[in-house]
Structure formats: structure tokens, C-alpha cells
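To start, the structure itself, in C-alpha cells.
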Amino acid sequence: MLLSILLAAGIFVYYQFNKPHRDFAAEEAAYTLSAEGLVKAYQQDPSLSDSLYVDQLVAVSGEISQLKENALLLSPGIYLSLDSTQSLAALQVGQQVSLVGRVLSYDPLLEEVKMDNARIQN
């Protein structure tokens, strides 16, 4: 009995550590929104927005308000951490841009939607 439980636990652990990683570059966006629309949705109903957008790829477009090392901020409040294959070299503050990234969470204090694995669309 104990041996079968240990064997099942071992198989489960092996499967969890060896399953393929999610390929964000190959996935299509589940939703397409403006930066303003996504932030407004979270401000109006955070729990509904979480149920719709968290861990989903979302295409967002808006104006770059700040550039950071391997990340950018779209106005009015979307923080996007870029995929390691992306570069900020061609981007400028004030530029309109479209990106696709995975929604992680909403920070009500900063009123920012946090996204990662973002890639530039245009």
C-alpha cells in the first residue's frame, strides 16, 4: 500500500516537473482591448476582470508613457514586462504601440494592470 502511494507520488512529481512550458509566442490573443479599456474594466469590476483576463493573452494598444529596462508602461496604467526576445530600441515615449502579453494581476493602489511575456505587434 505504502509502496503504491510513493510510486503514484513519484509519477505525479515527475510529470509536474517535466511537462512542456507554455509557448506564448505561438499563442493568439484571447482578447483585444485598448490600454484605457483594460484599466477601466479593472477599475469597475476587479473580480470579473480577473476571471476574464488573468493568465490569458491579451492584445493591448496605447501610448507609451515610460520606458524601463526590458519593460514599458502604457498610459493610463499597464505595466508590461517584455519577452526576452523583444527589444525596446525602436520604441519612444509618446509612441502608439500594440503589444500582446499575459495578464498577471491588477494593483489597485497604483491602478496598474501587470502583464508579462509581452511582444510588440507593430
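Things to note:
- Taken over segment 63-97, the criterion of being free of Cβ contacts under 8 Å to residues at least 40 places away in the same chain and touching a Ser or Thr at 6+ places or on another chain (Cβ under 6 Å) is satisfied by Glu63, Ser65, Ala71, Leu73.
- Here is the figure for segment 83-122: residues that are crowded, with 16+ Cβ neighbours inside 10 Å, farther than 15 Å from Tyr53 by Cβ and among the β-branched types (Val, Ile, Thr) total 2.
- Leu33 vs. criteria over 13 Å from Ala118 (Cα atoms) and surrounded by 11 or more Cβ atoms within 10 Å (Cβ to Cβ): yes
- Looking at Leu80, Leu38, just one residue is part of a strand (DSSP E or B), aliphatic (A, V, I, L, M) and surrounded by 17 or more Cβ atoms within 10 Å (Cβ to Cβ), and that residue is Leu80.
- Candidate set: segment 62-72, residues that are surrounded by fewer than 20 Cβ atoms within 10 Å (Cβ to Cβ) and assigned to a strand (DSSP E or B); chosen: the one modelled with the lowest pLDDT: Lys68
- Among residues of segment 38-59 that are farther than 18 Å from Leu99 by Cα, those with a Cβ under 7 angstrom from a residue that is among the aliphatic types (A, V, I, L, M), sequence gap 6+ or separate chain, pair up as Tyr42/Val113; Ser49/Ala41.
The values are calculated or read from the model by the stated rules, or taken from the named source; none is laboratory data. Computed from a predicted structure; not experimentally measured. So basically every Cβ, Gly included, is an ideal-geometry build from the backbone, and we count neighbours across all protein chains shown.
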